[in-house]
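The values are calculated or read from the model by the stated rules, or taken from the named source; none is laboratory data. As the structure is a prediction and not an experimental result, all values here were calculated from the model. All Cβ positions, glycine included, derive from the backbone under ideal geometry; neighbour counts span all protein chains shown. With ligands, DNA and RNA removed, areas are computed over all heavy atoms of the protein, side chains included. Shrake-Rupley method; radii C 1.70, N 1.55, O 1.52, S 1.80 Å.
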Amino acid sequence: LVDLDAVVRGLGKHGRGRVLLHGPSGTGKSAFARHVAERLGRPVVARQTSDLLSKWVGGTEQRLAEAFASAEEDGAVLVLDEIDSLLQRRERGTAFWEVSQVNELLVQMERYEGILFATTNGLERLDAASLRRFSMKIAFEPPGADARAELFRRLAVAAGLALRGDEAAGRMANVSGVVPGDFAAVLAATRLTGDDVDAAWLER
């Protein structure tokens, strides 16, 4: 297990680092990156793959360079989501521009003097050389039973319900495969309905 608090302290001390966060969607990878930025008192420059990909030759490389330059200039934490779409294995590239995009991103990562978080749901699709560019790789997995119970308890509190820890544990005991993003979605739904909810409604 990785001590995430130690990671935050290390990044704060050194002011630089390239961290790959990998795991299923909704497990909190991007949220953790933003949490680190908040803890360190730094702004965030976040880019989705759709923000960076361009239909013009050389356009993606230019957008990548601009994202890194912007983050470095502002002393920001740079967050690149769905990095596997940009760092796909080069042997799978069918056109020179696909390989060029990977090369450009690797060069930018190597030169970058700030804090970079990259997230992916598909670790196996990443270019092998790119994995060596990251100083740390952290896996985010669906929460275990205790964590699910605590998330459910916090969800209930946010929805205006008083729920004991043992009741939350009981309701989550036979639930598996849920991720923090699922709890956030349920909370958003309670705010949309405008109706009173109970623990059974939340569990559904």
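Data overview
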| read-out | value |
| --- | --- |
| Percent carbon-and-sulfur accessible area, the chain, ignoring ligands, DNA and RNA, probe 1.4 Å | 50 |
| Accessible surface, per residue, of the chain when the full set of protein chains is kept, probe 1.4 Å, Å² | 54 |
| Axial C-alpha extent at least 18 Å, average Kyte-Doolittle at least -0.5 - helices from the chain (DSSP) | 96-111, 145-158, 180-193 |
| Extension gain, ALA158 back to ASN103 (0.36 nm per residue minus Cα-Cα distance, nm) | 15.3 nm |
| Gyration tensor (alpha-carbon) shape descriptor, the range 20-84, a/c threshold 1.5 | oblate |
| MET136 long-range amide H proximity, modeled H, under 5 Å | ARG18, LEU20 |
| The chain, helix-only ellipticity at 222 nm - DSSP H runs n ≥ 4, -39,500 (n - 2.57), divided by all residues, nearest 500 | -15000 deg cm²/dmol |
| Computed E for SER54/ALA145 - FRET, C-beta separation, R0 45 angstrom, nearest 0.05 | 0.50 |
